[in-house]
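The values are calculated or read from the model by the stated rules, or taken from the named source; none is laboratory data. Bear in mind the structure is a predicted one, so any value in this text is a computation, not a measurement. Cβ placement follows ideal geometry from the backbone for every residue including glycine, while neighbour counts extend to all protein chains displayed.
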């Protein structure tokens, strides 16, 4: 089965890392070709050398729909059995498919940039999704996105498939044995919607002798370094990691400070690594962590509560150990990669057979 995947960008992110896990799990019965609409290909390194084909199509920027983009994409998606598009920025490929090869179409929505959230939707984009995706199957990972797609976008063919990870990869990573100050850390792209400035500000009030590290790359690197200087926080920014299991094994508290999330893979990986979690209450985060950890998932915008929760985790090692163990147990029970791969295999086969 030949699948063509059209991404607004093939930079490293949650969707791209999920596809990497799927490609490895699905095996050779599926072939994958990736088209990046901005020329960015940094996620390629997460895949085995011959696991996917990659192609760049630099989409013309416009305030509406570009006919040249439509024509170019229609040619590039021919020859596949299924078209997979990702987030709003790939919808021109869906339009090209309607007027071109008319492949079975799966559209994946995983979240938003800094200008949108579950509660803040742009009317023009909602209408565009409603019109373009009316006959497509839309796949989402979170309960919040499922409700949004059905109720506000007005879509009928919505499927929720929860994300999954390689539990053993993270559970087996050797956790460093250390005394003294705990390490607060995060793993994620340095983008505005992650709002790591919130974490830096909270840490400045709660950190004490603790240390702060954020693994990742992105456009916010310089502004985060400036924020750390402003708040007099010794922030370690080691860059992108290809071994998140090792990065997580070297920290004591996993921190999310995002303005928007849905079902973040980084959170699942942290839980499988046996870490307690501090986070803003966004997406499915509160449902994902163990019950006792939920009091450390603080309302979005209540930054004082976030700092207070972080301070408590930093100061209580037995609490951290208890929460980490419970999160690891929940990850083992709910986030298995095999389940996700099986769900996607069923999805792809149903798309090919038209069995909706």
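General observations
- Of the helices (runs of 4 or more DSSP H) lying entirely inside the range 90-153, the ones with 3 or more residues being crowded, with 20+ Cβ neighbours inside 10 Å and touching a strand residue (DSSP E or B) at 6+ places or on another chain (Cβ under 9 Å) are found at 91-99, 143-151.
- Residues satisfying the stated conditions in the range 215-232, i.e. outside any helix (DSSP H, G or I) and crowded, with 19+ Cβ neighbours inside 10 Å: 215, 216, 220
- Counted residues, the range 4-24 - those being under 16 Å from residue 346 (Cβ atoms) and either surrounded by fewer than 17 Cβ atoms within 10 Å (Cβ to Cβ) or assigned by TED's automatic domain parsing to the domain that holds residue 216 (or both): 0
- Selection within the range 274-287 - part of a loop (DSSP other than H, G, I, E, B) and touching a strand residue (DSSP E or B) at 6+ places or on another chain (Cβ under 8 Å): 275, 276, 281
- Where residue 299 falls short, out of the listed (1) under 24 Å from residue 148 (Cα atoms); (2) surrounded by 18 or more Cβ atoms within 10 Å (Cβ to Cβ); (3) touching a helix residue (DSSP H, G or I) at 6+ places or on another chain (Cβ under 9 Å): (2)
Residues checked against (1) modelled with pLDDT of 95 or more; (2) within 20 Å of the chain's Cα centre (by Cα):
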{"position": "20", "(1), (2)": "yes, yes"}
{"position": "27", "(1), (2)": "no, no"}
{"position": "35", "(1), (2)": "yes, yes"}
{"position": "53", "(1), (2)": "yes, no"}
{"position": "56", "(1), (2)": "no, no"}
{"position": "64", "(1), (2)": "no, no"}
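- From the list 190, 199, the lone residue that is closer than 24 Å to residue 305 by Cα and outside any loop (DSSP other than H, G, I, E, B) is 199.
So that you can scan it fast, the table gives a plain yes or no per residue for (1) at pLDDT 95 or above; (2) touching a strand residue (DSSP E or B) at 6+ places or on another chain (Cβ under 8 Å); (3) assigned by TED's automatic domain parsing to the domain that holds residue 198:
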position: 248; (1), (2), (3): yes, yes, yes
position: 251; (1), (2), (3): yes, yes, yes
position: 260; (1), (2), (3): no, no, yes
position: 289; (1), (2), (3): yes, yes, yes
position: 294; (1), (2), (3): yes, no, yes
position: 297; (1), (2), (3): yes, yes, yes
position: 307; (1), (2), (3): yes, no, yes
